[in-house]
1. Which residues, taken from segment 141-170, are touching a helix residue (DSSP H, G or I) at 6+ places or on another chain (Cβ under 8 Å), within 21 Å of Gly251 (Cα to Cα) and either of a type in the set (Ser, Thr, Tyr) or not in a loop (DSSP other than H, G, I, E, B) (or both)?
2. Could you check segment 248-277 and list, in sequence order, the residues that are closer than 21 Å to Leu167 by Cα, open to solvent by 10 Å² or more (accessible area, probe 1.4 Å) and among the aliphatic types (A, V, I, L, M)?
3. For residues that are open to solvent by less than 40 Å² (accessible area, probe 1.4 Å) and either under 16 Å from Val229 (Cα atoms) or polar (S, T, N, Q) (or both), tally how many sit in segment 60-85.
4. Across segment 208-247, what is the total count of residues that are among the charged types (D, E, K, R) and open to solvent by less than 10 Å² (accessible area, probe 1.4 Å)?
5. Kindly evaluate Ile193 against the criterion of being in a loop (DSSP other than H, G, I, E, B) and open to solvent by less than 30 Å² (accessible area, probe 1.4 Å).
6. Consider only pairs whose beta carbons are under 7 Å apart and that are at least six residues apart or on different chains; among these, list those whose first residue lies in segment 246-272 and is touching a residue at least 40 places away in the same chain (Cβ under 8 Å) and closer than 22 Å to Trp39 by Cα and whose second residue is small (Gly, Ala, Ser) and open to solvent by 20 Å² or more (accessible area, probe 1.4 Å).
Amino acid sequence: MQHGKYRFIAGFLALPLAIYGVFVISPFVQAIYYSFTDWTGLSPDFEMVGFQNYQRLWDDEVFWKSVGHNVLLLLVLPLVTLGLGLFFAFMLNVGGRRRKNAAIAGVRGSSVYKVVYFFPQVLSIAIVALLFQFAYNPNSGALNSFLQAIGLDSVQPDWLGDPQLALWCVMAVMIWCNVGFYVVLFSAGMSSIPKDFYEAALLDGANRVQTFFRITLPLLWDTVQTGWVYMGIMALDAFAVIQIMTVGPGGPDYSTEVLAYYLYTKAFRDGQAGYATTLGVALLIVTMIFAGIVMKLGRRERLEY
């Protein structure tokens, strides 16, 4: 058995590694290759142009606007989404009033709240984007109609038509879509934490805030770190919401342009596949840098219980 162990392992790994190489690694290598060409994406003919696409990328104002918007999404989306997910999960599992048979308990009807919070995950992102596009309509949308109903007729923002508001409106939709998933995910993690930990902390005089930061968050840190990377990747994408909801799309005046949509327009609208793959390489680099920073800053000693 020991003699054939490595051949046995290699036999099981060969096919998955081959599939991964063909369908994951190979497209990355091809994208890097085509980023040095003037390929249109519509013709088999192309020429090597060296670093010309990368020089153009460096001087492209729309590209830097897109990077700025993606960085803002990277900072806001994970922080707000995971923060709300942790808060609601903590309240549902630990934040209720003390009962006779338990020192800690969640709020009453917590299972119903979990279903309600998770409901946006059931909907397609295209449906969600369309619904909020109607809600943001300045003439007949639900938000401005509500403002009129409470007597704020003078406050009628053009939610998606104002460059100062459009990106924040998109972020609000993305947060609303994803909070419920993390509420359920963190609730599952909190339910596995022994209740004895909380009871001992409460006996020592700790309050709910202290138990959250001293017990809940450290024991859920691996889950939070994974969620942060996942939300970061989602923030770097944001393609569907931008394409469906925004003016242009990507507007007004490139105020909601992101790298994924800019890449799409260059490849499929403008016929500049070579430059689009250069944008793809830039997006890959930004994603890897973000994942590395999160893993580095979030590294801490693993707690077991």
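The values are calculated or read from the model by the stated rules, or taken from the named source; none is laboratory data. This structure is a prediction, so every number in the text was calculated from the model and none was measured. Backbone-built Cβ (ideal geometry, glycine too); neighbour counts: all protein chains shown. We work out accessible area using only protein heavy atoms, side chains counted, and drop any ligands, DNA or RNA first. Shrake-Rupley method; radii C 1.70, N 1.55, O 1.52, S 1.80 Å.
1. Pass one, segment 141-170, residues touching a helix residue (DSSP H, G or I) at 6+ places or on another chain (Cβ under 8 Å): 141-143, 153, 155-157, 159-160, 167, 169-170.
Keeping just the survivors that are within 21 Å of Gly251 (Cα to Cα) gives 141, 143, 156-157, 159-160, 167, 169-170.
Scanning segment 141-170 gives Leu143, Leu167, Cys169, Val170.
2. Listed by number, the residues that qualify are Ala260, Leu263.
3. Matching residues across segment 60-85 total 11.
4. 0
5. Values: in a loop (DSSP other than H, G, I, E, B): yes; open to solvent by less than 30 Å² (accessible area, probe 1.4 Å): yes.
It is true that Ile193 is in a loop (DSSP other than H, G, I, E, B) and open to solvent by less than 30 Å² (accessible area, probe 1.4 Å).
6. Final answer for the pair search is Ala267/Gly41; Gly271/Gly41.
Conditions tested, residue by residue: (1) at pLDDT 85 or above; (2) closer than 19 Å to Ile193 by Cα; (3) touching a Pro at 6+ places or on another chain (Cβ under 7 Å); (4) in a helix (DSSP H, G or I).
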| position | (1), (2), (3), (4) |
| --- | --- |
| Leu79 | yes, no, no, yes |
| Leu86 | yes, yes, no, yes |
| Leu92 | no, yes, no, yes |
| Arg97 | no, yes, no, no |
| Arg108 | no, no, no, no |
| Lys114 | no, yes, no, yes |
| Leu131 | yes, no, no, yes |
